[in-house]
Amino acid sequence: MLDNSIWPAKDYSRVPFRLYHDQEVYDLERERIWRGPLWSFLGLEAEVPKIGDFRTSFIGDIPVVYNRGDDGKVYGFVNRCAHRGSTVRREAYGNAADHTCIYHRWCYDKKGGLIGVPFRRGVKGQGGLDPAFDQAQHGLETIRIESWHGILFATFSDKVEPLEQYLGGPMSNMLARIMARPVKVLGYQRQRIKGNWKLYCENTRDQYHGSLLHQFHMKFGITRVTQKGGAWMDTRHRHSISYTREDTDAQDSAQAIAAYADQKVAESDFQLKDQGILGYKQEFDDGVSLAICSIFPNGTFQQIRNSMAARQVRPRGMDEFELYWTIFGYEGDDEELEMHRLLQTNMIGPAGFISMEDGEAVEIAHRATMLEGEACSIIEMGGGGKIPDEITFKVSDVPLRGFWSYYAELMGIEPEGGIR
Amino acid sequence: MIASEKRDAIADLMAEYAYRIDRDKLEDWVNLFTEDCLYKVVPRENVAQGLPGVLLICLNRNMVHDRVTSLRVANEYNIHVDRHVIGAPRLTAQADGSVRAESNYALFQTNQEGESWLFSVGCYEDVIVFQGGKALFKERVVIVDTYAIPNLLATPI
Ligand code: FES
Ligand SMILES: [Fe+2]
């Protein structure tokens, strides 16, 4: 039985491994997280610019379709035929006036409404549906979609708070900043990681690992722990933005080396033969060169220098998820800037110089925690107790406690006297 | 018509490519590219949609070299060995003396427990040039059918 006694610490500084490995937990997540009172990241408006453009996606492990309706708004539905449950839209993307299931050709409109049932009246008066069968009651299950500056979010819930309020101040502002210009999708990357999806939600909120797991930064002198950075959270602490400001310690690299020496992590003197990948063309005026925006439950938007991408977590059972990367630039980019963004794609994704390790980190954590449901992880970097809205240093994993506190609330397992 | 010396040189190049990756001689693998090479790994879904997005891209041999340096000194990844199986290339002579080659590959990985799996299947689209009787990659575009990458992509395809 899953209940609120599973937490050994009231401030979420201990997370029992069972939460990654229990089928009961996973099944409950479908009901309380993915179908719960929140907004999931779905895709981008730029992916479906024209009426009839559609793409398939996932909310949790629930397959969905989103498409642009005749009124220009984006609509969505669960990709499961109302008749006998087949996948309705098999193609990953395309353009269509309506959606027909191949099995018995039931046909649905862009809003998921049932508009055609072959042989509804039977043949020569024989067979067919009862005249009382109400077509209007047998459409596809719909999802509600809203756009925040071109980013599509979806919900199953009619009790959810408005999207902007759900995102909160810092996240809504940061996403508006990233989406201030019309985006142009450059491509996709996918990776299948054999780990529980929540391990990845923790990973993107964990600034502590940044300079330790990902040695590329340090070995080639790109960023250092003494660089100015931190995290901003919404007041409910469900989302988190990790950021770094450029060049705040450039004049003081002696101090940076000393900081690493203190940690017994030596500054290395490897040099890239081609420095082109490190170039940074400043395109935002706030000096932020790195922003990892983790949106509860399944979205991440990143700016890593000039590399822009969205990441979507798609659970595939409790032991695996797909990480789906959408790489983008902006409509106004010239050829040179677009090539520069592609070059910086080398940093990210499954083959990324500063991200390939995350796949491995998730897999080794998942593997080794499997049989130890009662054992716990330690989340205390940056202190325990009440969770602040802002962290002004980088050696921190405080936002993980925010993630778990909101998770516990949604799952109905908040500890008595929980501190968040 | 492609001279048999060129065909032999191409066969050697293909064999060396697999050998140097699979035997972990990555520093030597770099030398199979020309100085001004293009090496990129592309998900087939991007090619199909006409999108330029890559998994990785090197615009010259220095960048190929940097990838190896990074793997050696900076990156952490799954401990494994690679095994390439590369099909016979389809060759097309170009007016400038270079040869276009298209071949299929299957790349298996094996972990420390001795478990093997198909890591990636796809094709190579190459432009091969000849220097001092040796064939080199002026261009190698790896189009990955298995674009749902199992975990991560570290050692080259
Ligand atoms: S299952 Fe879709 S029409 Fe029958
Ligand atoms: Fe990471």
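The values are calculated or read from the model by the stated rules, or taken from the named source; none is laboratory data. Bear in mind the structure is a predicted one, so any value in this text is a computation, not a measurement. Cβ sites come from the backbone with ideal geometry, for glycine too, and all protein chains shown count toward neighbours. For the accessible areas, the whole protein counts, side chains as well, though only heavy atoms, and no ligand, DNA or RNA atoms are used. Shrake-Rupley method; radii C 1.70, N 1.55, O 1.52, S 1.80 Å.
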- Task: Report, by residue number, each residue of the stretch A:303-345 that is over 17 Å from the mean Cα position of the chain (by Cα) and within 24 Å of A:TRP197 (Cα to Cα).
- Result: A:ASP319, A:THR345
- Task: Go through (1) closer than 30 Å to A:LEU213 by Cβ; (2) more than 8 Å from every other protein chain (Cβ to nearest Cβ) and name the single condition B:VAL41 misses.
- Result: (2)
- Single residue of A:ARG121, A:ARG84 found to be over 25 Å from A:ASP53 (Cα atoms), away from ligand 2 (no atom under 16 Å from the Cβ) and touching a Phe, Trp or Tyr at 6+ places or on another chain (Cβ under 7 Å): A:ARG84
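Got a number for residues in the stretch A:165-194 being exposed (fewer than 15 other Cβ atoms within 10 Å of the Cβ) and either outside the structural domain of A:PRO297 (by TED's automatic domain parsing) or not in a loop (DSSP other than H, G, I, E, B) (or both)?
Going through the stretch A:165-194 one residue at a time, the tally reaches 3.
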- Among the candidates A:PHE41, A:PHE58, which residue alone is crowded, with 19+ Cβ neighbours inside 10 Å and within 16 Å of A:GLU146 (Cβ to Cβ)? A:PHE41
- Just a yes or no: is a residue in the stretch A:210-221 surrounded by fewer than 22 Cβ atoms within 10 Å (Cβ to Cβ) and within 26 Å of A:GLU47 (Cβ to Cβ)? no
- Search the stretch A:350-368 for residues being of a type in the set (Gly, Ala, Ser) and facing chain B (nearest Cβ under 9 Å), and hand back the single one that is nearest to A:VAL313 (Cα to Cα). A:GLY359
- Message: Out of A:ILE413, A:ILE419, A:ILE391, I need the residue that is among the hydrophobic types (A, V, I, L, M, F, W, C) and open to solvent by 40 Å² or more (accessible area, probe 1.4 Å). Which one?
- Response: A:ILE419
- Pick out the one residue from A:ARG105, A:ARG55, A:ARG89, A:ARG80 that is of a type outside the set (S, T, N, Q) and free of Cβ contacts under 8 Å to residues at least 24 places away in the same chain. A:ARG105
- Among (1) surrounded by 13 or more Cβ atoms within 10 Å (Cβ to Cβ); (2) free of Cβ contacts under 8 Å to residues at least 40 places away in the same chain; (3) away from chain A (no Cβ under 13 Å), where does B:ALA148 come up short? (3)
- Message: If a residue must be open to solvent by less than 20 Å² (accessible area, probe 1.4 Å) and either touching a Lys or Arg at 6+ places or on another chain (Cβ under 9 Å) or within 16 Å of B:TYR124 (Cα to Cα) (or both), how many such residues does the stretch B:28-62 contain?
- Response: 17
- Task: State the number of residues belonging to the stretch A:121-152 that are in a loop (DSSP other than H, G, I, E, B), in contact (Cβ under 8 Å) with a residue 12 or more places away in the chain and open to solvent by 50 Å² or more (accessible area, probe 1.4 Å).
- Result: 4
- Query: Do we find a residue being within 14 Å of chain B (Cβ to nearest Cβ), more than 16 Å from ligand 1 (Cβ to nearest atom) and modelled with pLDDT of 95 or more anywhere in the stretch A:163-171?
  - Reply: no
- Task: Output yes when any residue across the stretch A:172-184 is farther than 22 Å from B:VAL54 by Cβ and touching a Cys at 6+ places or on another chain (Cβ under 6 Å), and no when none is.
- Result: yes
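This table checks each residue for (1) within 14 Å of chain B (Cβ to nearest Cβ); (2) touching a helix residue (DSSP H, G or I) at 6+ places or on another chain (Cβ under 7 Å); (3) in contact (Cβ under 8 Å) with a residue 24 or more places away in the chain.
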residue	(1), (2), (3)
A:PHE328	yes, no, yes
A:GLU335	yes, no, no
A:GLN344	yes, yes, yes
A:ILE348	yes, no, yes
A:MET370	no, yes, yes
A:VAL398	no, no, yes
A:TYR407	no, no, yes
A:GLU414	no, yes, yes
A:GLY417	no, no, yes
- Would you check which residues across the stretch B:123-145 are within 14 Å of chain A (Cβ to nearest Cβ) and either open to solvent by 60 Å² or more (accessible area, probe 1.4 Å) or out of contact with any Pro (no Cβ under 7 Å at 6 or more places or on another chain) (or both) and list them? B:VAL141, B:VAL142, B:ILE143, B:ASP145
- A careful count of residues in the stretch A:322-346 that are in a strand (DSSP E or B) and farther than 24 Å from B:THR146 by Cβ gives 2
- Query: Which numbered condition trips up A:ALA368, out of (1) buried (at least 20 other Cβ atoms within 10 Å of the Cβ); (2) not in a loop (DSSP other than H, G, I, E, B)?
  - Reply: (1)
- Among the residues of the stretch B:100-121, how many are within 15 Å of the chain's Cα centre (by Cα) and surrounded by fewer than 20 Cβ atoms within 10 Å (Cβ to Cβ)? 7
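Conditions (1) within 14 Å of another protein chain (Cβ to nearest Cβ); (2) farther than 21 Å from B:ASP24 by Cα; (3) among the aromatic types (Phe, Trp, Tyr); (4) assigned to a strand (DSSP E or B), marked per residue:
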residue	(1), (2), (3), (4)
B:PHE108	no, no, yes, yes
B:GLU113	yes, no, no, no
B:LEU118	yes, no, no, yes
B:VAL121	no, no, no, yes
B:LEU152	yes, no, no, no
